[in-house]
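Working notes, structure below.
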Amino acid sequence: MDTLFDVDVPPTRPAPKESEGVRRTKRQAALLAAGQHPLSVVLPRPLPLHPEAAPYDDRQAEGRRCGNCAFRTRLSHRAGRYAKCAFGDGARASHGAATDVRAWWSACADHEWKEAR
């Protein structure tokens, strides 16, 4: 079969690789959907969600969340302040983004209500 035009088709470029932040967000969402707290990735064993935790897929729903937990604190490092979990021996907090705690996350089994100010 003859072709009307002899066109060179440029090679297709592979899709750009996802950034570490995007991959981390996807891992955290998968853990929440599986009933585990996202900080499970830095701990030696899974950290289950609290039985009264707010649903992970509805950020407006009432319930226990990291944002209303007494252990969520802000640590200063270099030029910024980062939300971290201060529960226990400090294993849940590092100077990296992997241990930043989002206020909307469903609460872990160690959640304690923050006192009203």
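The values are calculated or read from the model by the stated rules, or taken from the named source; none is laboratory data. Just so it is clear, the model here is predicted, and its values are computed rather than measured. Every residue, glycine among them, receives a Cβ derived from its backbone with ideal geometry; neighbour counts consider all protein chains shown. With ligands, DNA and RNA removed, areas are computed over all heavy atoms of the protein, side chains included. Shrake-Rupley method; radii C 1.70, N 1.55, O 1.52, S 1.80 Å.
For segment 82-90, the count of residues that are in contact (Cβ under 8 Å) with a residue 40 or more places away in the chain, of a type outside the set (Asp, Glu) and touching a strand residue (DSSP E or B) at 6+ places or on another chain (Cβ under 7 Å) is at least one. Please go through segment 87-117 and pick out each residue that is out of contact with any Leu (no Cβ under 8 Å at 6 or more places or on another chain) and not in a loop (DSSP other than H, G, I, E, B). Listed by number, the residues that qualify are Ala97, Ala98, Trp113. Restricting to segment 69-86, name every residue that is surrounded by fewer than 19 Cβ atoms within 10 Å (Cβ to Cβ) and either polar (S, T, N, Q) or assigned to a strand (DSSP E or B) (or both). Residues satisfying the conditions are Thr73, Arg74, Leu75, Ser76, His77, Gly80, Arg81, Tyr82, Ala83. If you go through segment 25-37 and keep only what is over 10 Å from Leu49 (Cβ atoms) and either in contact with a Gly (Cβ under 6 Å, 6 or more places away or on another chain) or open to solvent by 50 Å² or more (accessible area, probe 1.4 Å) (or both), you end up with Thr25, Lys26, Arg27, Ala29, Ala30, Ala33. Scanning segment 87-117 for residues that are of a type in the set (A, V, I, L, M) and either open to solvent by less than 60 Å² (accessible area, probe 1.4 Å) or at pLDDT 95 or above (or both) yields Ala91, Ala93, Ala97, Ala98, Val101, Ala103, Ala107, Ala109. Note on segment 4-44: residues that are free of Cβ contacts under 8 Å to residues at least 40 places away in the same chain, hydrophobic (A, V, I, L, M, F, W, C) and within 30 Å of Ser94 (Cβ to Cβ) amount to 6. Within segment 54-81, the residues that satisfy the criterion of being in contact (Cβ under 8 Å) with a residue 40 or more places away in the chain and touching a helix residue (DSSP H, G or I) at 6+ places or on another chain (Cβ under 8 Å) are Tyr56, Arg72. Does at least one position in segment 99-115 carry a residue that is of a type outside the set (Phe, Trp, Tyr), under 17 Å from the mean Cα position of the chain (by Cα) and farther than 15 Å from His37 by Cα? For segment 99-115, residues of a type outside the set (Phe, Trp, Tyr), under 17 Å from the mean Cα position of the chain (by Cα) and farther than 15 Å from His37 by Cα: absent.
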